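Asks: Dropping a structure here in C-alpha cells format, bear with me for questions.
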Amino acid sequence: MSLAIDAEPLPLQVDADGVVRVGGTRVTLDTIVIAFQQGATAEEIAQQYATVTLPDIYAAIAYYLRHHEEVEAYLAEGQRQGDALRQKQEAKYDRQGIRERLLARHPSPE
C-alpha cells in the first residue's frame with residue numbers, strides 16, 4: 001500500500017486589516033511565531049490558545065521556518081505600525097498628571 005501525499009492548504013488567512021490569522025480563528029500568526037521564538041512548543045501554544053488546533057499551529061510554525069525572512073519582515077512592519085500608532089496616541093493624550101486628574105473626579109470619602 002502506498003501513502004497518498006496530498007498538499008494541505010495553509011491554515012493562514014489575511015483579514016481585511018492585513019493581519020494574518022491562523023486556522024480561521026482570531027489568533028494571529030504574530031502570536032504563534034512570538035510564542036515559538038520565546039521557546040514555547042506547539043503543544044504549549046495549543047494549551048494557551050485553545051481555539052487553534054495543534055495541526056494548524058504546526059503548519060504556522062512550518063510556514064514561519066520556511067519563509068523566515070518574509071515573516072520577519074511582516075512582524076517588523078507590524079511592530080513599526082504599532083509604534084507609530086502608540087506615538088500618535090501619546091502625542092494626542094497628555095499622560096502627565098493623569099492620576100491626579102482621575103482622583104480629582106472622584107473625591108475620596110472622608
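Where a number appears in this text, it was derived from the coordinates with a stated rule and is not lab data. In this text the structure is predicted, and so the values were computed from the model without any measurement. In this analysis, Cβ positions are derived from the backbone assuming ideal geometry, glycine residues included, and neighbour counts consider all displayed protein chains.
Asks: Along the charge dipole of the chain, which of Q47, L29, G82 sits closest to the positive end, that is, farthest toward it, with unit charges on the beta carbon of Lys, Arg, Asp and Glu (+1, +1, -1, -1)?
Replies: Going by the charge dipole, the pick is G82.
Asks: So how far apart, in nm, are the two label points at R80 and Q38 if each is 7 Å from Cα heading toward Cβ?
Replies: 2.5
Asks: Give me a comma-separated list of calculated 3J(HN,Hα) values for segment 81-93, in order, Karplus coefficients 6.51, -1.76, 1.60 applied at θ = phi - 60°, integers in Hz, x for any Gly or Pro.
Replies: Result, rounded to whole Hz: 5, x, 5, 5, 5, 4, 4, 4, 5, 5, 6, 6, 10.
Asks: Net charge around T51, counting only other residues with Cβ within less than 13 Å of its Cβ (Lys, Arg = +1; Asp, Glu = -1)?
Replies: +1
Asks: With contacts defined as alpha carbon pairs under 8 Å and 6 or more residues apart, what's the relative contact order of segment 12-104 in percent?
Replies: This gives 18 percent for segment 12-104.
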